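Here is the structure we will look at.
The values are calculated or read from the model by the stated rules, or taken from the named source; none is laboratory data. As the structure is a prediction and not an experimental result, all values here were calculated from the model. FYI the Cβ positions are ideal-geometry reconstructions off the backbone, even for glycines, and counts take in every protein chain you see.
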Amino acid sequence: MTTTRFAPSPTGYIHIGNLRAALFNYAIARQNGGTFVLRIDDTDQERSKDEYIQGIKDDLTWLGLDWDRVEYQSKRMDKYLDAKQKLIDMGRLYECFETPVELDLKRKKQLNMGKPPVYDRAALALSEDEKNALRAERGSHWRFKLDLERIEWADGIVGTISIDAASVSDPVLFKNDGQILYTLASVVDDTEMGMTTVVRGSDHITNTATQIQIMHALGGTVPSFAHHSLLTGPQGEALSKRLGTLALRDLRAQGIAPQAILSLMARLGSSDPVELRANVQEIVDGFDISKFGSAPTKFDANDLDPLTARYLATLTVADVAGTLSDIPEDTREAFWNAIKGNIASLDDVADWWAYFVNGAEVALIEDEDREFVIQAFDLLGDPPYADDTWSTWTAAVKDATGRKGKGLFMPLRKAVTGRIRGPEMAEVMSLLQIKPKV
């Protein structure tokens, strides 16, 4: 059975960049009738916070991405310690004592000599007495001893990947303070939870290579891997500088529809065009990971606005009942049908209702049209107005002034609504509760 996971670290809120991993893994699981696991990577207890865990769940729920179960790495520490001991017993995990400053000096020296900055395994040459002496004066960290061979796999997006383990430092699995790092915790979890497919960002490719060796060492089955491209800004700039404004909770606060986000992210970076989908099931049905490329993918938050507007225009009055709760019940349907094609977000609903109740804050009237508008308004009676008020009124204005076509209709639209464009004027007039003023 297909099993995938989304494994966010609860040290912040989900942003548009790491949503891709959630969506891709979710779609693959749901397409195959499999299991989608939400795995909270909270081994860093100092930085992990309950508010972020809840925020992650809230954001996924808002998007409509449900999960089959939740796992917390902080509750699985014994599993990681068991794996640690197993690797030590196998001679694949060794204790190191270099400080960050000493490691930095080593890297600089290697670079100056034209060599790759790979850890030199000096700790393997230490005697037990030397280790004891170092333990007495400093902390230690633990590294996995890589087999110095090529590590290859068929990546679901990038294609065949081959990495020479000799070009990679033995990965640190446990820090000086005893913290278990992602590299090991993820391997243990992916293995024990039976992950069949892991989709994540291309910045994890080297990580994947080392994790494949750790999986083999622990006797686990290696899942299929796919590494999606990283997002950049519209001009190719690093998106990381803008993530403070691209958290899902911020996009939600801006009135962006979840379907707009999912529709864009399910196609962005693929060979298929972006198409608005009405619900999550349509997103899942149309998802094809084989059509995604490995090149950096440009993301422009402005693309979400027209998608949101198009989505809102498809909704019925029942779909937005909560938003319309302050609108008189006998008016809601007509009101929503009139405005839904003219709003960028649900936040615009209140502005439109305020207009129908109070009229335009400012009438848009060109100097050359002022006398015409005054004369036209004199021919308009008081509300309530009917469905045929607009046609009856404009016919009377045409007869009185001789104006017709755009010269008749546009000045009146601008004067009545204070806007250049909007709903059909017949609908506007039937909802307007106050006589427009010059």
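Every condition in (1) of a type in the set (Asp, Glu); (2) outside any helix (DSSP H, G or I); (3) more than 30 Å from Thr4 (Cβ to Cβ) is met by Glu46 except one, and the failing one is (3). For the stretch 283-339, a tally of residues being closer than 30 Å to Val198 by Cβ and out of contact with any strand residue (DSSP E or B) (no Cβ under 8 Å at 6 or more places or on another chain) returns 12. Among the charged types (D, E, K, R), at pLDDT below 95 and out of contact with any helix residue (DSSP H, G or I) (no Cβ under 6 Å at 6 or more places or on another chain): is that true of Lys291 in this structure? No. Within the span defined as the stretch 107-116, every residue fails to be within 19 Å of Phe174 (Cα to Cα) and either free of Cβ contacts under 8 Å to residues at least 40 places away in the same chain or exposed (fewer than 11 other Cβ atoms within 10 Å of the Cβ) (or both).
Looking only at residues of the stretch 294-313 that are at pLDDT below 95 and over 18 Å from the mean Cα position of the chain (by Cα), we find that the one that is farthest from Leu239 (Cα to Cα) is Ser294. In summary, helices (runs of 4 or more DSSP H) completely within the stretch 350-438 and bearing 1 or more residues that are modelled with pLDDT of 95 or more, under 29 Å from Ala309 (Cα atoms) and in contact with a Ser or Thr (Cβ under 7 Å, 6 or more places away or on another chain) occur at 389-401, 406-417, 425-431. Restricting attention to the stretch 195-230, the residues that are in contact (Cβ under 8 Å) with a residue 60 or more places away in the chain, over 22 Å from the mean Cα position of the chain (by Cα) and closer than 22 Å to Phe287 by Cβ total 3. Residues that are part of a helix (DSSP H, G or I), closer than 27 Å to Ser48 by Cα and either modelled with pLDDT under 95 or basic (Lys, Arg) (or both) within the stretch 75-99 comprise Lys75, Lys79, Lys84, listed in sequence order.
Out of curiosity, is Gln31 in contact (Cβ under 8 Å) with a residue 12 or more places away in the chain and surrounded by 23 or more Cβ atoms within 10 Å (Cβ to Cβ)? Answer is no for this residue.
In the stretch 273-283, the qualifying residues are those that are in contact with a Phe, Trp or Tyr (Cβ under 9 Å, 6 or more places away or on another chain) and surrounded by fewer than 20 Cβ atoms within 10 Å (Cβ to Cβ), and the one that is nearest to Trp62 (Cα to Cα) is Ala278.
Restricting Glu329, Glu361 to those that are touching a residue at least 40 places away in the same chain (Cβ under 8 Å) and over 30 Å from Leu264 (Cα atoms) reduces the list to Glu361.
Are there strands (runs of 3 or more DSSP E) fully within the stretch 116-218 with at least 3 residues that are touching a helix residue (DSSP H, G or I) at 6+ places or on another chain (Cβ under 6 Å)? List them.
197-201
If you go through the stretch 384-438 and keep only what is surrounded by 13 or more Cβ atoms within 10 Å (Cβ to Cβ), free of Cβ contacts under 8 Å to residues at least 24 places away in the same chain and under 45 Å from the mean Cα position of the chain (by Cα), you end up with Phe409, Met410, Arg413. Taking the criterion of being under 20 Å from Pro223 (Cβ atoms), surrounded by fewer than 17 Cβ atoms within 10 Å (Cβ to Cβ) and among the acidic types (Asp, Glu), the only residue of the stretch 148-185 that qualifies is Glu152.
For Val168, indicate whether it is β-branched (Val, Ile, Thr) and within 30 Å of Ser270 (Cα to Cα).
Working: β-branched (Val, Ile, Thr): yes; within 30 Å of Ser270 (Cα to Cα): no.
Spelling it out, it is not the case that Val168 is β-branched (Val, Ile, Thr) and within 30 Å of Ser270 (Cα to Cα).
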